[in-house]
Amino acid sequence: MQKNALMKGLMGSCLAVFASMSFAATPEGFWKSIDDRTGEQLSIVEIKKKADNTYTGTIVYRYPVPGGTVLTHCVKCPEPFKNKPILGLQIAWGLKEDPKNPNQYIDGRVLEPKSGNVYKGRAQLSADGKRLRMRGYMGVSALGRTQVWLRTESANP
């Protein structure tokens with residue numbers, strides 16, 4: 001009797017490990033972006049995989065700014081993003097899996113709505129699939145900024 005319970009517990013643990021491994025295999029889903037300078041919650045971004053095997057990230061929720069005004073449109077952005085609503089704005093695109101490094105995504109572009117700047121982009125998914133290190137840079141990756149995004153269950157906070 002005790003042996004059966006032990007085997008069931010062991011099998012359940014193995015299934016949980018395998019489930020978390022497959023969960024970590026992709027950045028698809030909802031992510032809470034955190035400002036790397038202030039530590040404040042910015043947005044919830046939905047990452048989707050496109051038919052061409054690249055990933056895009058779209059803002060699906062904006063957190064209120066304590067004591068400030070929320071940026072509603074991408075005023076400083078270049079075309080085709082100029083004056084588009086922030087909610088629904090695609091801020092990452094073209095990210096593709098790095099064939100040499102698992103859980104790494106390269107060759108993308110990242111838009112910073114506040115400044116309107118478009119950067120080269122890369123991302124690294126944590127082994128447990130719960131954190132995404134999104135890096136935007138100009139020229140070489142050493143000249144940039146990284147935000148840590150946290151996986152969340154839905155587009156609602």
Two-decimal log10 I(q)/I(0) for region 40-116, as the Debye equation yields it once each C-alpha is a single scatterer, q = 0.15, 0.20, 0.26 Å⁻¹: -0.57, -0.89, -1.21
Coil-residue trypsin sites (Lys or Arg not before Pro) of region 49-89, DSSP, other Cβ within 10 Å capped at 16: Lys50, Lys76, Lys82
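Output the relative contact order of region 37-157, whole-number percent, from Cα pairs under 8 angstrom with separation of 6+ residues. Mind showing how you got there, number by number?
On the way: 241 pairs, mean separation 21.4, N = 121.
Normalised by residue count, the contact order of region 37-157 is 18 percent.
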Low-density loop positions, trypsin sites (Lys or Arg not before Pro), region 94-157 - DSSP coil, at most 10 other Cβ in 10 Å: Lys100
Extension reserve of the Gln90-Asp36 stretch, reckoned as 0.36 nm per residue once the Cα distance is removed: 17.5 nm
Region 71-79 - phi-based ³J(HN,Hα) in whole Hz, Karplus 6.51/-1.76/1.60, Gly and Pro as x: 5, 9, 9, 7, 5, 8, 6, x, 5
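Report the rotationally averaged projected area of region 62-157 based on its alpha-carbon convex hull, in square nanometres.
Working: hull surface 29.4 nm².
With the hull built on Cα positions only, its mean projection is 7.4 nm².
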Inter-label distance, nm, simple model (7 Å from Cα along the C-beta direction), Tyr63/Ala127: 2.8
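Every number in this text was worked out from the coordinates using simple rules, so none of it is lab data. Predicted model only: the values in this text are computed from it and were never measured. Note that each Cβ is placed from the backbone with ideal geometry, even for glycine, and that neighbours are counted across all protein chains shown.
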